[in-house]
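What follows is one structure encoded as structure tokens, with my remarks underneath.
Taken together, the values in this text are just the output of simple stated rules run on the coordinates, not laboratory data. Remember, predicted model here, so these are calculated numbers, not experimental data. No Cβ is skipped: glycine too gets one built from the backbone with ideal geometry, and neighbour counts run over all protein chains shown.
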Amino acid sequence: MKSSSLVNSWTEWGQLEIVCVGTARAMCYPDESPSYPWHVPRSNSLQRYISSMVGPRPQHRIEQAQEQLDNLADILRAETVRVCNSIDEVFNEDIEQVLPRKQTIPTDKASTLPDGIDLRKGKIEVCRPDEFSSEEIRFDHQISTPHFKSQYQFGLSCPRDVLLTLGDTVLEAPVSTHTRYFESEYYKPMIYSLWNRDSCMKWLQPPKPTCSPKLLFNDVDFWKKNKMKEINKSVFASSGYKTNLNENEIVFDAADIMRMGKDVFYKKSVTANNQGFYWLRRTFPHLRFHMMHFPSDTSCHLDCALMPLRPPTAGSEGLILLNQNYSPLASEMKIFTDNNWRPIWGPLSCTTAVPPLALCSANLNTNFLSLNDHCIVIEECELPLYHLLHDELGFDVITCPLRILNEFGGSVHCVTWDIRRDDSCIDYFPNQDYETECKIDLNNYFDSKMLPVDINNKS
């Protein structure tokens, strides 16, 4: 039944009707944080001279990123878009490679259109965080609390990281990163606009962590002593999935969470601890929360590792896309296979190269936005993913250029936040023993048997 609430989103695949798209305006290279390393140069040659980047970003990079975000907003707003039949090539200056691409053009934005397939997707209301206040947005001024100071903050490119919609509730995430501590404040004029329009909307924030370097983190200099790849390979699973976060406070990023109706999945990561998971279970008792562990991946956020494509129905099985570089625990995937969800391994990215100051790895290729259960938006150069979704699985696929945003924190899913979908709190996982699952001691958890990667399991 269609919800009467303006704010309503229970899944990742219900018909999208209202969405927030981030902005790159005034973004900075943020200060270092004990939570995880930010701008460590990816190039070995740069690492000989620069340990990290902090300060204002070049204006031309901000403009390039903003152009791509604006284009995504135009595609989402458009009633109809045309996905080109042809594949052309584009030279990517950041990685100095020529990449094939498949373009999508809003039909109302072009006087002449190339040959292609017209997709009537319906108009989606798009909100931008810098459109609701006349106050200047700045991230180059010092913020301070009784526990830390930060001179340069992150920015507003990735609303998905700090805001989450659970049904009719807007949730501000209790982030652990110093440079993002007040990030959700910038979205409050937009959230107040929703609040004033929707008398049914709820608005919550967990207890705000102190993010004290001594109280919340095991070692202030952790990332000076350790490299992420080394921890992924040798330490994470064997330590019982410990990170530099301890369990003294409640912390998680919103993007560590994936919504699938009555069931919600949560990734243990460098930005999400067990306390955050327990808070969600206690605060939303009408939902079922499931912990996900990825033994070879401590990195933040679930939306590159596990992405639902569509739910099971009477006539077809559900599909869940996995990233073959981030294999989950076999035991934690059983809830999917027991409920007629088929795991599908996504292809590798079109390139392993990333910009010198990229915030993200090449594994962003599986970071997409579902407009409904049969239409998906992906980055325009990710043709291996396009062929899987469109040619093999039968989805309508819309493409958009978004590679610049790798340096600004994410891809299509990261730079958006669902506000309203036409969906409801349906039980897509009726076959489970949730009571037994809730008794698992997550603070002493050592299962490390990963789901074997089967790249032939696609269709």
Using just the helices of the chain, give the 222 nm mean residue ellipticity in deg cm²/dmol: DSSP H runs with n ≥ 4 each add -39,500 (n - 2.57), and the total is spread over all residues, rounded to 500.
-3500 deg cm²/dmol
Residue pairs, from the table Lys227/Lys262; Lys225/Lys334; Lys225/Lys262; Lys225/Lys267; Lys121/Lys262; Lys188/Lys242, whose Cα atoms sit over 31 Å apart:
Lys227/Lys262; Lys225/Lys334; Lys225/Lys262; Lys188/Lys242
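When you count, for each residue, the other Cβ atoms within 10 Å and take the mean per peptide, how do 238-245, 178-185, 199-206, 107-114 rank with the highest first?
Most protected by this proxy first, the peptides run 178-185, 238-245, 199-206, 107-114.
Considering only the stretch 247-319, what is the antiparallel percent among its DSSP beta bridges, to the nearest 5?
Percentage antiparallel, nearest 5: 60.
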Find the Rg to Rh ratio for the chain, where Rh is the Kirkwood radius over alpha-carbon pairs and Rg uses the same atoms.
0.93
Would you mind telling me the antiparallel percentage of the DSSP bridges in the chain, rounded to 5?
65
If you take the beta carbon distance between Gln142 and Ala314 as r and set R0 to 51 Å, what does 1/(1 + (r/R0)^6) give as a FRET efficiency, to the nearest 0.05?
0.35
When only alpha-carbon atoms count, how far does the stretch 393-459 stretch along each of its three principal axes, as whole angstroms with the largest first?
44, 32, 31
Counting sequence-distant residues (5 or more places) and residues on other chains, those with an amide H built under 5 Å from that of Thr271 are His301
Can you run phi through the Karplus equation (6.51, -1.76, 1.60; θ = phi - 60°) for the stretch 273-285 and list ³J(HN,Hα) in whole Hz, with x for Gly and Pro?
10, 5, 4, x, 4, 5, 4, 5, 4, 6, 7, 10, x
What ranking do 422-428, 15-21, 191-197, 345-351 get when scored by the average of other Cβ atoms within 10 Å per residue, highest first?
15-21, 345-351, 422-428, 191-197
Environment charge of Glu435, counting only residues whose C-beta is closer than 14 Å and scoring Lys/Arg +1, Asp/Glu -1
+1
Counting only DSSP beta bridges with both residues in the stretch 131-254, what percent are antiparallel, rounded to the nearest 5?
70
What nm distance separates the two modelled labels at Thr283 and Leu46, each placed 7 Å from Cα along Cα→Cβ?
3.5
Along the positive direction of the dipole of the chain (beta-carbon charges: Lys, Arg +1; Asp, Glu -1; about the Cα centre), which of Leu306, Leu405, Ser33 reaches farthest?
Ser33
Post the alpha-carbon centroid distance, the stretch 165-210 to the stretch 238-299, in whole angstrom.
18
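Provide the gained length on full extension for the span Thr436 to Asn218, in nm with one decimal, where the gain is 0.36 nm per separating residue minus the Cα-Cα distance.
Contour length minus the Cα-Cα distance gives 75.4 nm.
Please give the charge dipole size of the stretch 188-306, origin at the Cα centre, charges +1 on K and R Cβ atoms and -1 on D and E Cβ atoms. Round to the nearest 20 debye.
The dipole of the stretch 188-306 has a size of about 120 debye.
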Whole-Hz Karplus ³J(HN,Hα) for the stretch 128-138, in order, using 6.51 cos²θ - 1.76 cosθ + 1.60 and θ = phi - 60°, x for Gly and Pro?
10, x, 9, 9, 10, 8, 8, 6, 5, 8, 9
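Once you have the alpha carbon radius of gyration of the stretch 169-288, what is it after dividing by 2.2 N^0.38 Å, with N set to its residue count?
Normalised Cα radius of gyration, the stretch 169-288: 1.19.
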Please turn the phi angles of the stretch 248-257 into ³J(HN,Hα) values with the Karplus equation 6.51 cos²θ - 1.76 cosθ + 1.60 (θ = phi - 60°), one per residue in order, whole Hz, x for glycine and proline.
6, 9, 8, 9, 6, 8, 4, 6, 7, 10
Quick one: if you take sqrt(5λ) for each eigenvalue of the C-alpha gyration tensor of the stretch 264-329, what semi-axes come out, biggest first, whole angstrom?
22, 19, 7
Distant-in-sequence amide H partners of Arg310 (H built 1.01 Å from N, under 5 Å)
Leu319
